[in-house]
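Where a number appears in this text, it was derived from the coordinates with a stated rule and is not lab data. The structure displayed is predicted, hence computed values, not measured ones. Quick reminder, even Gly has a Cβ in these numbers, built from the backbone with ideal geometry, and neighbours come from all protein chains shown.
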Amino acid sequence: MAVALSIDGLTVDFGGFRAVDDFTTVVEDGELRVILGPNGAGKTTLMDLISGKTASTGGHVHLYGTEITNRPEHIIARHGVGRKFQIPSVFRDLTVRQNLEVAASGEPGVFRNLRLHMVAQDRERIDRVIELTNLGPVLGTIAGELSHGQMQWLELGMLITQQAKVVLLDEPTAGMTQAETFKTAEIINALKGSHTILVVEHDMAFVREIAERISVMHMGRLLAEGPMAQIEADPAVREAYLGSGGIH
Amino acid sequence: MSDTTASSATPNRLNRIADWGIYALFIAVVLGLPMLMDDVFWLNRIAKYLVYGMLGIAIALSWGYAGILNLGQGLFFGLGAYMTAMSLKLMSSTSLQQGSDKPVPDFMLWNAEPGAMTDLCCINKGSFLWIPFQHQWFGLAMAIVLPLIVAFILSSSIFRLRVSGVYVAIITLALVLLVRLLIIDAQPVTNGFNGLTDLGWLTIGGFEFDPYMVQTYYVVAGSLCLVLLLARWLVSTRAGLILQSTRDDPTRARYLGYDVAAFQVFFFTVSAGIAGFAGMLYVVAAEFASPSFMDITFSISMVVWAAVGGRNSLIGACLGAILINTIEATVSETEVFKEAWKLIIGLIFVLVVLYMPRGLAGLARDLTGWLGQRRRGADPMPKAAE
């Protein structure tokens, strides 16, 4: 299998404090990887480093063989990294359909977008996403008026419309009801195989629902990596979680 | 799913029809006005208000659509005005009556050192800047090109550095003041505080556009309609949609792969070009250019017009500017209201900001939405998927 994302010795040093410290892992094409770790382990910072929000001070990130380390966010996005934030981030004054239309444009520049109109392909892609995310009834609604769960699904839908090859999800079920969490798991499971997905998550029920391989982070370092059963049995992981009450 | 999309499309379609109806009506009224009113004095006045309407469009484009509050739009208006006025000044008879066979602005001659050569090249240190303005078209072209260049350089530097929000407002505010000072200070070249007066008339193909002539009104009105439609087209393109997305959440737009700064720079620059064009037309209609165009109060007034009319609507902001100025002109002829007017407009602004953040245009849109809902009877729009 091809390697989608290869992270090699990634480090960020905030004036002596290493939020991510010599982190190395390889995510294969089509894999769903869950990143676990206690609070402050550096999970979100890791996503910031991959997506270009924060500049790393050491190490490399390669996306399908292309180096994307410390490139500007929009360039990394153009290479195929999509990111969902912990706090839902959608265009609140635009309608749901407009949100998806913005995500659908394959052109980054201003002038091309003056001439570019929606083509049948874009429309089809949007329609598929609408079906997957159940947003059909609210297409004309202003995104700021959506429920919390719908907003999260819209953001997920935008990543799919964007045709991100590697999708970074930061706590996609935070603040969701059980039913919403279940629906989210369904959407993510539907993406398995066609997208490479990296999920930061605390909700263990949800992790069991979707996880294949898990990387555990602790103090900015990679502590353990493997399938669910192996991680749960790992003594080092139990040790790291002891302070925060163990995995439950 | 198909019938739910249909029901949510109905108010959209109604809105779109209402929208185009308003545009058509506006253009018809603006272009048809001379048939109803043959008082050239009033037509000239209204032409100036139409220029303010164009400024409203420029503000709506940058503030409403791009989320960039430019408190120095007067800078671009002023540059457009001065560029035009320099050419028209050289065409004025006052520039030829001072004993020189080549045009030299009268104020330069009055202030010339004894024995200085009465030629644009060297009557004073800066006068050579005026040489290309002997061609009217150079001045007219620069009225748009110079604001575009200045806006491009300014916006490239601030948006690449991701300056946003109130800081943009502060920078633009400071800049317009700075340029105003420079213009006043460069008295030998710009006639300082007095500005450029006694201008000649815009001349196209031998036809002289006397400001108090219906043809001049048509030049201004036609330009306004063109700019309105151009801006409308710009925001309806995909680039316009992406621009609005960068206003709502620049980070999200960046993560979708858009170079946010490029979109901001483009629309900020277009907005400045429109303001420069407005400055040009103002000089054609009003026959002067003055540093007061770069007063803070003028730039802030523009923002107030747009806020009252509705900053998220091009035509709303345009109408806001025209209406406020028309009312102001009518009211300030009564002595009692003359001073009170500033208070009244301040009060209106506060009320709009507090209770009608989308201005008159937002009010109109709510009204059409409400009418549409009534027409469809008891079929409220589905708000959420259950």
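Placing a label point 7 Å from the Cα of B:Lys125 along the Cα-to-Cβ direction, the residues of the range B:176-215 whose backbone N falls under 14 Å from that point are B:185-190.
Across the range A:1-122, counting alpha-carbon atoms alone, Rg and Dmax equal 16.8, 52 Å. Divide the volume of the convex hull around the Cα atoms of the range A:110-248 by the residue count and you get 153 Å³ per residue.
For the residue pairs A:Lys43/A:Lys84; A:Lys53/A:Lys192; B:Lys48/B:Lys125; A:Lys53/A:Lys165; B:Lys89/B:Lys338, the alpha carbons lie more than 23 Å apart in A:Lys53/A:Lys192; B:Lys48/B:Lys125; B:Lys89/B:Lys338. Relative to the Cα centre, the charge distribution of chain B, modelled as +1 at Lys and Arg Cβ and -1 at Asp and Glu Cβ, gives a dipole magnitude of about 1480 debye.
Taking 0.36 nm per residue of sequence separation and removing the Cα-Cα distance, the B:Val166/B:Thr197 pair yields an extension gain of 7.6 nm. Volume per residue of the convex hull around the Cα atoms, evaluated for chain A, comes out as 134 Å³. Taking the charge dipole of the range A:98-148 about its Cα centre, with +1 at Lys and Arg Cβ atoms and -1 at Asp and Glu Cβ atoms, the residue from A:Pro137, A:Phe111, A:Ile126 reaching farthest to the positive side is A:Phe111.
Pairs of C-alpha atoms in chain B farther apart than 27 Å represent 54 percent of all such pairs. Ordering B:Leu241, B:Met108, B:Ile344 by the projection of their Cα atoms onto the charge dipole of the range B:2-375, which places +1 on the Cβ of Lys and Arg and -1 on the Cβ of Asp and Glu, puts B:Leu241 at the extreme positive end. The B:Leu354 and A:Asn39 beta-carbon pair, evaluated with R₀ = 60 Å, returns a calculated FRET efficiency of approximately 0.90. Every Cα-Cα pair in the protein assembly as shown was counted, and those over 48 Å apart are 29% of them.
Per the Debye calculation on the range B:182-284 with a single equal scatterer at every Cα and no solvent contribution, log₁₀ I(q)/I(0) for q = 0.10, 0.11 Å⁻¹ amounts to -0.50, -0.58. Counted by neighbouring Cβ atoms within 10 Å, the residues B:Met54, A:Met151 run from fewest to most as A:Met151, B:Met54. When you work out D = kT/(6 pi eta Rh) for the range B:157-224 at 20 °C and 1.002 mPa s, using the Kirkwood radius from C-alpha pairs as Rh and the Stokes-Einstein form, the result is 136 µm²/s. Say each of B:Arg374 and B:Trp137 gets a label point 7 Å from the Cα, pointing the same way as Cα to Cβ; how far apart are those two points in nm? Using points 7 Å along Cα→Cβ, the separation is 5.6 nm. Principal axis extents of the Cα atoms in the range B:141-194, from largest to smallest and rounded to whole angstrom, are 39, 25, 11. Peptides B:206-213, B:335-342, ordered by how many other C-beta atoms sit within 10 Å of their residues on average, highest first, read B:206-213, B:335-342.
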